[in-house]
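No lab work stands behind these numbers, since they all come straight from the coordinates. Predicted model only: the values in this text are computed from it and were never measured. For neighbour counting, all protein chains shown are included, and Cβ atoms are generated from backbone atoms with ideal geometry for every residue, glycine included.
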Amino acid sequence: MNRAASWTDPLIGGRYHRELGNGFALTAYGDVGGFGVGAHTDWQVLGTVVYSLSPSWNLHLGYRSLNFNITGSEGRFGFNVHMRGPIIAGTFRF
């Protein structure tokens, strides 16, 4: 039995970044999609506090919520998933 599935969805998203000074910043990101093309709906929101260690390195601490809801062709598979929780990340720019 094959339980693998994949799909492609159109997404519309936006991002906001605000410098706070002393190396700190806030970033917010969100997107929504699916629109019945692949999934019924997809969406996510992400908010982080950013600290710049140097011009090349940033650390991020925040929260992410990701949701998708899809029913496959002929109703053979379906997912309705909502994942959420803290996020810790690093960014290197070159």
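Determine the shape class of the chain: with a ≥ b ≥ c the square roots of the Cα gyration tensor eigenvalues, call it rounded for a/c under 1.5, and otherwise prolate if a/b is greater than b/c, oblate otherwise. Present the calculation step by step, with values, prior to reporting the outcome.
On the way: a/c = 3.03, a/b = 2.54, b/c = 1.19.
Judged from the Cα gyration tensor, the chain comes out prolate (a/c at least 1.5, a/b above b/c).
Listed peptides 85-94, 20-29 appear in the order 20-29, 85-94 once ranked by packing, highest mean of other Cβ atoms within 10 Å at the front. Sorting 11-18, 46-53 by average packing, meaning the other beta carbons within 10 Å per residue, from highest down gives 46-53, 11-18. Note on H40/Y63: beta-carbon distance plugged into 1/(1 + (r/R0)^6) with R0 of 22 Å gives a FRET efficiency of 0.35.
Give me the net charge of M83's neighbourhood, meaning all other residues with Cβ under 15 Å from the Cβ of M83; Lys, Arg count +1, Asp, Glu -1. The partial results should precede the final answer.
Working: positive: R64, R84; negative: D31, D42.
Summing Lys and Arg as +1 and Asp and Glu as -1 gives 0.
For the chain, the relative contact order is 21 percent, taking Cα pairs closer than 8 Å that sit 6 or more residues apart in sequence and dividing their mean separation by the residue count.
Since only G13, G78, L66 are under comparison, the one whose Cα sits farthest along the positive direction of the charge dipole of the chain, derived from C-beta charges on Lys, Arg, Asp and Glu, is L66.
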